[in-house]
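Let me begin by presenting the structure, written as structure tokens, before commenting on it.
The values are calculated or read from the model by the stated rules, or taken from the named source; none is laboratory data. Values in this document were obtained by computation on a predicted structure and should not be read as measured data. Don't worry about glycine lacking a Cβ; one is built from the backbone with ideal geometry, like all the others, and counts go over all protein chains shown. All accessible areas refer to the heavy atoms of the entire protein, side chains included, with ligands and DNA or RNA removed. Shrake-Rupley method; radii C 1.70, N 1.55, O 1.52, S 1.80 Å.
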Amino acid sequence: AAAAASHTGSLAGSDDVLDAAFKRCGVLRVNKIREVFEIVELLGKQPLPRGNSLAVVTNAGGPGVISTDALIGSGGQLACLGDDTMAKLNDLLPSHWSHSNPIDILGDATPDTYARSVELAAMDPACHGVLVILTPQSMTDPSKTARGIAEVAKKVGGAKPILASWMGGQGVTEGREILDEAGVVTYDYPDSAAEMFTYMWKYSLNISHLYETPRWCAEMRPD
């Protein structure tokens, strides 16, 4: 037991050093093998965020809460939407929408409502990315909604990443394919999507470190 504890302790120290070295070299470290493939796809299709503030647009409260927990737990945060954005959402959505981020546009949201809500969130200066969550409900049209989101992604023009979680298995396959063709990466579960956004931000941060002068070098003076 003592040997095992000693071995584990030495690994912990080495791991801290390795983690610091990765960050300084611009390397993104992930925790699962599947995340390697997921982040490679995401980085290949979406721009890097300029911060860690995410807007979540959903037609169900539960997945919005789950994605928020995953976002904050992985180092991200919810975007604090501006007054102008909130006013426009109030004009667009029913009076009993969430009035906060996550933006719960309710279960009877139309494809047009989805698209406009995502566009408003993406245009907010405090937002660095948008996660769109769709759950299958009686009035939900996954394919038409996906087409609307694809158009919004074109309007955003690569300025901010847009991720999606199209929940519903085989019933939303066509919608997922539409989003994929538009370069919007989709996930089965919203918590995975939120974590991938945070990974993108961490990678962006690591890349920025490559252009920084280490403090000890900056403080050196020639003799």
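Note on the range 81-158: enclosed helices (runs of 4 or more DSSP H) holding 3 or more residues that are in contact with a strand residue (DSSP E or B) (Cβ under 7 Å, 6 or more places away or on another chain) are 111-123, 142-156. Within the range 110-128, the set of residues being of a type in the set (Val, Ile, Thr) and closer than 12 Å to Leu89 by Cβ comprises Thr113, Val118.
The set of residues in the range 45-74 being farther than 22 Å from Leu179 by Cβ and open to solvent by less than 20 Å² (accessible area, probe 1.4 Å) consists of Gly51, Ser53. Among the residues making up the range 177-191, those that are in a helix (DSSP H, G or I) and farther than 18 Å from Pro47 by Cα are Glu177, Ile178, Pro190, Asp191. Candidates in the range 91-116 are the residues that are within 21 Å of the chain's Cα centre (by Cα) and charged (D, E, K, R); of these, the one that is surrounded by the fewest Cβ atoms within 10 Å (Cβ to Cβ) is Arg116. Contact map, the range 25-37: first residue farther than 11 Å from Met196 by Cα, second residue modelled with pLDDT of 80 or more and of a type in the set (Ser, Thr, Tyr), Cβ cut-off under 6 Å, separation 6 or more or different chains; pairs are Leu28/Tyr203. Among the residues in the range 158-167, are any without any contact (Cβ under 8 Å) to a residue 60 or more places away in the chain and surrounded by fewer than 20 Cβ atoms within 10 Å (Cβ to Cβ)? No, there is no match, as no residue in the range 158-167 is without any contact (Cβ under 8 Å) to a residue 60 or more places away in the chain and surrounded by fewer than 20 Cβ atoms within 10 Å (Cβ to Cβ).
Can you tell me how many residues in the range 193-209 are of a type outside the set (Ser, Thr, Tyr), closer than 13 Å to Leu43 by Cβ and crowded, with 21+ Cβ neighbours inside 10 Å?
Residues of the range 193-209 that are of a type outside the set (Ser, Thr, Tyr), as a first pass: 193-197, 200-202, 205-207, 209.
From the residues that got through so far, the ones that are closer than 13 Å to Leu43 by Cβ too are 196-197, 200-202, 206-207.
Those still in the list that are crowded, with 21+ Cβ neighbours inside 10 Å too: 196-197, 200-201.
Result for the range 193-209: 4.
All told, Glu119 falls short of being over 17 Å from the mean Cα position of the chain (by Cα) and charged (D, E, K, R). In contact (Cβ under 8 Å) with a residue 40 or more places away in the chain, more than 19 Å from Asp191 (Cα to Cα) and either open to solvent by 30 Å² or more (accessible area, probe 1.4 Å) or among the polar types (S, T, N, Q) (or both): does that describe Pro125? Taking the combined requirement at face value, the residue satisfies it.
Going by the conditions given, is Thr135 open to solvent by 10 Å² or more (accessible area, probe 1.4 Å), of a type in the set (Val, Ile, Thr) and without any contact (Cβ under 8 Å) to a residue 24 or more places away in the chain? Judged against the criteria, Thr135 is not a match.
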